[in-house]
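Below is one structure, written out as C-alpha cells, with a few remarks after it.
The values are calculated or read from the model by the stated rules, or taken from the named source; none is laboratory data. Everything numeric here is computed off the predicted structure, so don't read it as measured data. Counting neighbours? That spans all protein chains shown, and the Cβs are built from the backbone with ideal geometry, glycine included. The area values use the complete protein model at the heavy-atom level, side chains included, leaving out ligands, DNA and RNA. Shrake-Rupley method; radii C 1.70, N 1.55, O 1.52, S 1.80 Å.
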Amino acid sequence: MKINMPEKVNQIIAMLLEHGYEAYAVGGCVRDSLLSREADDWDITTSASPYEVKELFKRTVDTGIQHGTVTVLLDKEGFEVTTYRIDGEYEDGRHPKQVEFTKSLAEDLRRRDFTINAMAYNEENGLVDLFGGREDLEHKVIRCVGNAAERFEEDALRILRAFRFSAQLDFAIEETTRREAAIHAGDLKKISAERIRTELDKLLLSAHPERLLSAFQSGITAVVLPEFDRMLETPQRNTNHQYNVGEHVLHTIKFAGNKKLQQEVINKILPGFDAASVTSDRAWSKRELRMLRWSALLHDVAKPEMHKIDENGEDHFPGHAAAGAEKARQVLQRFRFDNETTDYVVRLVAAHDYYQYEKTDAGLRKTIHRFGPDLMEMLWELQLADVLAQSPALLEQKLSELAIAKHLHRLIIERGDCVELKQLAVSGKDLMEAGFAPGPQIGKLLSGLLEAVLEEPEQNTKESLLFRLQGQNKQP
C-alpha cells in the first residue's frame, strides 16, 4: 500500500535514510492517512540521535531534545523528528523517570498508547504495523498496545484519550481497554488541568460529543468533570423537557454549531417550518465553536442545586442561569481557560434562558444592548440548540419566536441602529464642550441618551441629542 506524504516529510525521511539511519512517518498522521482523513501534523521517528539529526539539517529547534525530539525547519515549516526511545518507569502516572534511546523501531512503537497510533510508514518499507492497528481501524476499535493496565499506569491521560478518539473517529473502545480505563480512572487526578482540558476540548469539538456519556458510564467524568455526573442524576419532569438535565445537555452540545443536524431535526418534526429562518449560515471558527460547545455543556450546570419540585410533582430550576454563570466560571478557571473563552462562555450561560425580550425593534435593541452585540449570534445559536434538545411538543412555538427575534436582529444590524454607547452620535467630550462638568454626571447623561436612542434610533444625531439635554443642570 502507498500513503501520499507531503514532499517535505519525504525529504526529511530521504535525508535520514541516505545517511544510513532508519526513518518513518509515525502515529496519528499514518492513522489518518489510512482513514483517508487529512493529517494535522506529520511526525517522524528515526534511529538517529537528536544530535545526529541536528548535524544533517541546517535549521533545527531543540523542541524537547532531552526526550529525543528536534524540530526540523524546511522553508519555515516545522516537522518534529524524534529518536526511537524506550520510556523508563513511570513514577507519577504522568512522566517517565527517564528516557532511553534505542535503535529498534519495534521498541519505540511498543511504548505508544493505542494500536491505531502505533503504525509507521516510509516509501521504502511501506507500512510497519506490529500490533494490529490497521485491523483495528477496519473494525473501528480503540485498543491499547499490549497490556492496557500498563499503558494507563504509564500515563493516566491515555484513559481520557481513549474516549476522545472514540468521539473523533466514531470508534468503539475494546472491552479490555474500557475495563482497565474504568479501573484506573482515579489516576486522572494526577493529570494537570491543562492536559485534561485539551482532551475534553477535542471530544466536545468532535462529530460525536455525546460519547461523553461513555466516559460517564466508565467513571471518568466523576473524576474530571463531576458537575456532568450531577446533571445526569437530575430529572426534568415538566412540559418543556423530554430528557433529564445531563441527557438534555448532551443533545444541546451535539446541536450547537451543527447546521445540518439542526435542519434534519426541524424538517423531521416540523416539515412545514422554514428551518433557514432559525439556523445560521455562519461558518463558525474553531474558537467560536469551542465557546459554543462549552456553553452548551455548562448552560444548565447549576440546575442540580437549583432543583425545586412543585405541588404537582413538576421539576423547576429558578435562577439556574445566573447561578450557572458563576458555576461555569469556576469550572473554566479550574481548567485554566484563557480569559476570552471564560468571558464568552460565562456570558452565554447567563443569557441562554432569557426569552422575555420584546418582539419589537426597540425590544431587540434593548436585548442586544443588555447582552452585547458581540454575543448575539452565538446566543441565538445556543438558544436554538437548547430548544431543539427540549420537548418537541413546544418546538414550533419556540422556533417561531426565535425566528422573529433573529429577523429583527438582522434588520437592526443592517440598518446600523445604535445599540451601545460607542455608537452614540455624541461623546463625553461633546458634552463637556457643551458646558457639562466632567465627572459621573457625564456617564449618567450618556446612558440616558442611549436609552432614548434604543427607543428611537432616528434621534441618534449630534444635534438631536444635544437638544434633548437643553435645560438640564450643567453643574456637577
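Worth a mention:
- 10 Å beta-carbon shell around GLU135, net charge (K/R +1, D/E -1): -1
- In order along region 445-451, the Karplus-derived 3J(HN,Hα) couplings, from 6.51 cos²θ - 1.76 cosθ + 1.60 at θ = phi - 60°, round to 5, 5, 5, x, 5, 5, 4 Hz, and Gly and Pro are given as x.
- Between LYS2 and ASN267, the modelled labels are 3.9 nm apart [label points 7 Å from Cα along Cα→Cβ].
- Cross-link reach list, aspartates and glutamates versus LYS76, counting only Cα pairs under 19 Å and skipping chain neighbours closer than eight places: GLU7, ASP40, ASP41, ASP43, GLU55, ASP62
- Taking Cα atoms only, the orientation of helix 376-388 departs from the longest principal axis of the chain by about 80 degrees.
- Counted charge near SER285, where neighbours are those whose Cβ lies closer than 13 Å (Asp, Glu -1; Lys, Arg +1): +1
- Largest accessible area first, the residues TRP294, TRP284 order themselves as TRP284, TRP294 under a 1.4 Å probe with ligands, DNA and RNA left out.
- In Hz, Karplus ³J(HN,Hα) per residue of region 300-307 (6.51, -1.76, 1.60; θ = phi - 60°; x = Gly, Pro): 10, 5, 8, 4, x, 7, 9, 5
- In the chain, helical runs assigned H by DSSP with n ≥ 4 each contribute -39500 (n - 2.57); averaged across all residues and rounded to the nearest 500, the mean residue ellipticity at 222 nm is -14500 deg cm²/dmol.
- Helix 361-371 axis, angle to the chain major axis (alpha carbon atoms, nearest 10°): 50 degrees
- Longest exposed-site-free window of the chain, the sites being trypsin sites (Lys or Arg not before Pro) in a DSSP loop that have at most 15 other C-beta atoms within 10 Å: 360-473
- Nearest 10 degrees, 0 to 90: helix 193-204 Cα axis against the chain principal axis: 80 degrees
- Rg to Rh, two decimals, where the chain supplies the alpha carbon set and Rh follows Kirkwood: 1.08
- Summed side-chain charge close to LYS366 - residues other than LYS366 whose Cβ falls under 13 Å, Lys, Arg +1, Asp, Glu -1: -4
- Here the chain has 47 percent of its accessible surface on carbon and sulfur atoms, given a 1.4 Å probe and all protein chains in place.
- For region 331-360 versus region 397-452, the spacing of their alpha-carbon centroids is 22 Å.
- Listed residue pairs exceeding 26 Å between alpha carbons, taken from LYS54/LYS103; LYS254/LYS398; LYS327/LYS444: LYS327/LYS444
- Bridgeable lysines around LYS2 (alpha carbons under 24 Å apart, same-chain partners fewer than 8 residues away excluded): LYS140.
- If you sort the three axes of the alpha carbon gyration tensor as a ≥ b ≥ c, you get a/c of 1.5 or more for region 124-251 and a/b above b/c, which makes it prolate.
- Close amide H pairs (under 5 Å, H built 1.01 Å from N) link ILE86 with GLU100, PHE101, THR102, residues at least 5 positions away or on another chain.
- Computed accessible area, TYR355, all protein chains, 1.4 angstrom probe, square angstrom: 70 Å²
- Averaged over its residues, the chain has an accessible area of 47 Å² per residue, based on protein heavy atoms and a 1.4 Å probe.
- For ILE142, the residues whose amide H sits under 5 Å from its own are ALA172, ILE173, GLU174, ignoring neighbours fewer than 5 places away on the same chain, with H placed 1.01 Å from N.
- Note: relative contact order over region 66-175, using C-alpha pairs below 8 Å and six or more positions apart, is 20 percent.
- In order through region 23-38: 3J(HN,Hα) via Karplus (6.51 cos²θ - 1.76 cosθ + 1.60), integer Hz, x for Gly, Pro: 7, 9, 6, 8, x, x, 5, 5, 4, 5, 4, 5, 8, 6, 9, 6
- Projected label distance in nm at ARG282 and GLU135, using a 7 Å step from Cα toward the beta-carbon: 4.8 nm
- ASP43 long-range amide H proximity, modeled H, under 5 Å: VAL26, CYS29
- Sequence of ILE404, ILE253 from largest to smallest accessible area, 1.4 Å probe: ILE404, ILE253
- Kirkwood hydrodynamic radius over Cα pairs of region 145-201, then Stokes diffusion coefficient at 4 °C and 1.567 mPa s, in µm²/s: 113 µm²/s
- Exposure of GLU7 as accessible area (Å², to 10), given a probe of 1.4 Å and all protein chains: 120 Å²
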